[in-house]
Amino acid sequence: MTIRNLEFFGFLFVFLISILGIGAYYYLQNRRRELYPYGKWDELLKRLAPLDHHNLERIALDPAAATYHEIQSIETMSPQEIWQLLGGMRGIEVMEKNCSVLVDLVFYVQQWYPEALLVAEQLRLNAREVEWHIGRLKAMAKSGHPPVAATEYLQQAVAIYYQMTREVLSLYEQANLPGLADLQRAL
Amino acid sequence: MHLNGPVFAFWAAGLTAHILLLLVLLLRHRAGTFPVFTTLIAANVVNSIALYEIALHGSKHTYFVAYFAFAILDLVLQLSVTYELATHVFCPTGTWARDVRTGFLILVIASVAIALGLACFPSPPEKTVLGMLLDRGNLFSSALQCELLVGMIAFSSTAGLPWNTHVARIAQGLGFYSLIGLLTEAGHNILARNTVAFQTLTYLRMSIYLLCASYWIVMLWLPAPAPQELPEEAQRQLFTLQRRVEYDLRRLRALKRP
């Protein structure tokens, strides 16, 4: 066998391993999606990044009972204080990522509790609203304004996010699901 | 040219399998859903009969030229079948999924480049130009099919697009055959023709193809499982959403008018 043919077999081997590896990876991913269409509980919880619940509550001033107008009228805290309590840009990014996990957590409940579909839809809309506020905030930061100048957007995003967490907890409580304690700890 | 025992047996089995598969496609009304795949199978029936006639009454050179012409047709049709499967997965409503279109184009270009590279690599022993082209072409075709099918699986999985059952069955058969074809063609490219090893690889490829054809016959005969239906609540929501979108669209169109 010539050296060129040996090289050919080496190339073929790498090619086959890559093709089989990619195929197997996506096949297993599909299979997993079929087995767990709503994700696995542990993995969903792992995706929830920690945010200080008390700080969020302070910023949102317990908005579980507050209406949109009441949220808008919160002006007791200074922008710097809000920025600090949330943990700066990192906190905002965590909040943005957690929004999609909250929606997934509600979809997860839907397998035993079909009524959760309406909550999921509401949370999806809320998540988009949070994204919108954060988008405005980032746009302001990009255009040279200090992010603390956009307190209004930040405060509203936090208030909506906080309300979303309460909605999810209340749904789990209502459906009497075993994961409630873990969720309370994570949120 | 005389066909020896095993070659004749494979030829007869292949022709029977293709005729059966064609009948299944026509009788179970799959031809309308998979017109290119049906054309490929019909072309294979014509191919088997024509090559048999040429093998019996024509010269060896005529046979190779005809074989080469049919091999090109087969390659074009196999690639068209892959495209047909891709349209079933990525644009079931007639419009390509926007996030997949560019990626798919890159996949095709990259796959052609890699398959060409792989096909040009081996250094075969003394062979005729036609024979060498055939072996390299087969290697190129198998490698390309493997890449495209794996790429399609990856894209559909990432985009969350489901595989209709019959589409998946055709793709599985084609994918498996291409994978084995890649190995047998790699052997063909470094072995001299008319050796026992070369013949064994040819028989292996033919056997695998017969297995795949049998798999298609059974799977395409069986009905596809009914897709899961949306819950009533979700259907109502979708209906309301559609009405709202229609209403908003009318309002937006009205705004555009002077």
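Peptide B:62-71 has a mean of 0 when you count, residue by residue, the C-beta atoms of other protein chains within 10 Å of its C-beta.
How far is helix A:116-142 tilted off the main Cα axis of chain A, in degrees rounded to 10, range 0 to 90? Its long axis makes an angle of about 80 degrees. Between 0 and 90 degrees, the angle of helix A:88-109 with respect to the longest Cα principal axis of chain A falls at about 80 degrees.
What is the Cα centroid distance between the stretch A:1-42 and the stretch B:160-217, reported in whole angstrom? Centre-to-centre distance over Cα atoms comes out at 18 Å.
Ignore the peptide's own chain and count Cβ atoms of other chains within 10 Å of each Cβ in A:14-27; give me the average, rounded.
The shielding value for this peptide is 5.
Order A:164-170, A:27-33 from most to least packed using the mean count of other Cβ atoms within 10 Å.
A:164-170, A:27-33
Going from the residue with the fewest nearby Cβ atoms within 10 Å to the one with the most, B:Tyr203, B:Tyr209, A:Tyr172 rank B:Tyr203, B:Tyr209, A:Tyr172.
Test of understanding: ordering B:Asp135, A:Asp52, B:Asp248 by Cβ neighbours within 10 Å, fewest first, what list do you get? If you can, show how the numbers build up before the last one.
Values: B:Asp135 23, A:Asp52 13, B:Asp248 10.
Ranked by crowding around the Cβ, least crowded first: B:Asp248, A:Asp52, B:Asp135.
First measure r as the distance between the Cβ atoms of B:Val46 and B:Gln199, then evaluate 1/(1 + (r/R0)^6) with R0 = 25 Å and state the FRET efficiency to the nearest 0.05.
Values: r = 25 Å, r/R0 = 1.01.
The formula returns an efficiency of 0.50 here.
Rg ratio for chain B: its Cα radius of gyration over 2.2 N^0.38 Å, N being its residue count, equals 1.25. Averaging 1/r across all pairs of distinct Cα atoms in the protein assembly as shown and inverting the result yields a Kirkwood radius of 26.9 Å. Helices that extend 15 Å or more along their long axis by alpha-carbon positions and average at least 0.5 on the Kyte-Doolittle scale are, among the DSSP H runs of chain B, B:5-27, B:35-57, B:60-90, B:98-120, B:129-159, B:165-190, B:196-221. When a/c reaches 1.5 or more, the comparison of a/b and b/c decides; with that in mind, is chain A rounded, prolate or oblate per its Cα gyration tensor? Oblate, because a/c is 1.5 or more while a/b does not exceed b/c. Could you give the longest part of chain B that holds none of the GluC sites (Glu not before Pro) found in DSSP loops with at most 10 neighbouring Cβ atoms within 10 Å? That gives B:1-125 as the longest site-free run.
Laboratory data are not the source of any read-out in this text; all were calculated from the coordinates shown. The structure presented is a predicted model; accordingly, all values stated were derived computationally and were not measured. With ideal geometry, Cβ positions are generated from the backbone for all residues, glycine too; neighbour counts draw on all protein chains shown.
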